[in-house]
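Since the structure comes first, as C-alpha cells, the remarks are kept for the end.
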Amino acid sequence: MKPKASFESSERLGLLLSRCSLGDQSAFADLYDATSAKLFGIAFRILKREAWAEEALQEAYMKIWRYADSYNPGRGRPMTWMINVVRNQSLDLLRKADYRAAEEEWSPEKDQRMSGENPAAQAETSQEMQRVLGCLSGLTEEQRDCILLSYHQGYTPTEVASRIGRPVGTVKTWIRRGLIKVRECLDQ
C-alpha cells in the first residue's frame with residue numbers, strides 16, 4: 001500500500017479509531033488514507049530506508065487495527081497515539097541485529113525518499129510540523145536536543161545520555177519536561 005497525503009482533524013481521526021475498534025474496515029481504510037503519508041515519514045526518518053519504513057508502517061497499522069480500542073482521548077490526540085505506535089515499531093525494527101548490519105550498506109544518495117520531490121517528506125513540512133517546530137524552539141537547548149535525538153533520530157534515552165555525556169535520569173527528565181511543554185504549546 002502506497003501512503004497517501006492527507007491531513008485530518010483530531011475529531012475525525014478519533015471517530016475513525018473508535019469505528020476501527022468496532023471492526024469497521026472502511027473506517028480503517030479511511031484512517032490509512034488520512035494518516036499514512038505522515039506516519040510513513042516518521043518511520044522513514046527513524047529507519048532511513050524505504051523498505052524498512054514500509055515494513056514498520058505495515059506492522060504499525062496492524063497494531064493500530066488490533067489495539068484501536070486502547071486509544072484514550074483523555075491522554076492525547078489520535079495522531080499522537082498513532083505516531084507513538086509507528087515510532088515504537090520503527091525502533092523495534094531498528095534494534096534487530098540484521099537491520100543494524102544492513103544499515104552500513106545504505107546510502108542517502110540512492111534513496112528516492114531523501115529527495116525534496118518526495119510527497120511524504122513534503123507532508124512532514126505541513127502547518128502542523130511548523131507548529132511543532134515553533135513549540136520546540138521554546139524549549140531549552142538541552143530539552144530540544146534530547147527530544148530530537150530521541151524522537152527524530154530514534155535514540156533511546158540511554159544512547160542520548162551517552163552521546164551528550166549526561167546522566168540517563170537527567171536526559172529522561174529533560175525529555176519528559178520538554179514534551180509536557182510542547183504538548184501545552186500545541187494545545188493552545
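The values are calculated or read from the model by the stated rules, or taken from the named source; none is laboratory data. It should be emphasised that the depicted structure is a prediction, and the values quoted were computed from it without experimental measurement. Virtual Cβ from ideal backbone geometry, glycine too; neighbours counted across all protein chains shown.
Here are some conditions: (1) surrounded by 13 or more Cβ atoms within 10 Å (Cβ to Cβ); (2) modelled with pLDDT under 90. GLN130 meets all but one. Which one does it not meet?
(1)
Could you tell me whether segment 155-174 includes any residue that is closer than 22 Å to ASP33 by Cα, of a type in the set (Asp, Glu) and either at pLDDT below 80 or in a helix (DSSP H, G or I) (or both)?
Start the filter on segment 155-174 by keeping residues that are closer than 22 Å to ASP33 by Cα, which leaves none.
No, segment 155-174 contains no residue that is closer than 22 Å to ASP33 by Cα, of a type in the set (Asp, Glu) and either at pLDDT below 80 or in a helix (DSSP H, G or I) (or both).
Just to be sure I understand the filter: pairs with C-beta atoms under 6 Å, separated by 6 or more residues or on different chains, first member in segment 129-145 and farther than 12 Å from ILE180 by Cα, second member at pLDDT 90 or above and outside any loop (DSSP other than H, G, I, E, B). Which pairs pass?
So the pair list comes out as GLU142/TRP174.
When you look at GLN143, is it under 26 Å from SER9 (Cα atoms), within 19 Å of the chain's Cα centre (by Cα) and not in a loop (DSSP other than H, G, I, E, B), yes or no?
no
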